[in-house]
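Report on one structure; see the data block that follows.
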Amino acid sequence: MKIMNCPLNGPRNISEFIHGGELKPMPNPTTCSDREWADYVFYSDNTAGVITEWWMHVASSYWFLAERHTVTDEILRTFDPQEIFQERIEFAVEEKRS
């Protein structure tokens, strides 16, 4: 049984988690091209080595980050996103046209 340490809930069976993808810089959604946005949303670098990824503990809906070695599948550490992100990004909502 593989165990992952959730920063909020402690050690849990890996089956309690969902992989959310690689952490990568987000382009400005108001100025980037459709291609740049699609690259951000749908594509990953698929790097062999240590990467930082989004994970969610399903039972608590808690999103966090994990450093994982993609070749050995070893989870090196897990941590709260507040270690990296200091402020929330708000997206502008377009008004519906009648």
### Task
Grab the other residues whose beta carbon is less than 12 angstrom from that of GLU83, score K and R as +1, D and E as -1, and report the net.
-1
### Query
Whole-Hz Karplus ³J(HN,Hα) for segment 13-29, in order, using 6.51 cos²θ - 1.76 cosθ + 1.60 and θ = phi - 60°, x for Gly and Pro?
4, 4, 5, 8, 10, 10, 6, x, x, 6, 6, 8, x, 8, x, 5, x
### Summary
Amide H neighbours of ASN9 at under 5 Å, excluding residues fewer than 5 places away on the same chain, with H built from the backbone geometry, are none
### Query
Among SER44, MET56, THR78, which residue has its Cα positioned farthest towards the positive end of the charge dipole of the chain, with +1 placed on the Cβ of Lys and Arg, -1 on the Cβ of Asp and Glu, and the dipole taken about the Cα centre?
MET56
### Message
How charged is the neighbourhood of LEU23? Take every other residue with its Cβ under 12 Å from the Cβ of LEU23, and add Lys/Arg as +1 and Asp/Glu as -1.
### Response
-3
### Query
Using θ = phi - 60° and the Karplus curve 6.51 cos²θ - 1.76 cosθ + 1.60, what whole-Hz ³J(HN,Hα) does each residue of segment 40-45 get, with Gly and Pro shown as x?
5, 6, 9, 10, 10, 6
### Summary
Reviewing (1) 19, 14, 13; (2) 31, 17, 13; (3) 29, 18, 12, the figure for semi-axes √(5λ) of the Cα gyration tensor in Å actually calculated from this model sits under (3)
### Query
Once every DSSP H run of n ≥ 4 in the chain is given -39500 (n - 2.57) and the sum is divided by its residues, what mean residue ellipticity at 222 nm do you get, rounded to the nearest 500 deg cm²/dmol?
-2500 deg cm²/dmol
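Any read-out appearing in this document is the output of simple, stated calculations on the displayed coordinates, not a laboratory observation. These numbers come from a predicted model, not from an experiment. All Cβ positions, glycine included, derive from the backbone under ideal geometry; neighbour counts span all protein chains shown.
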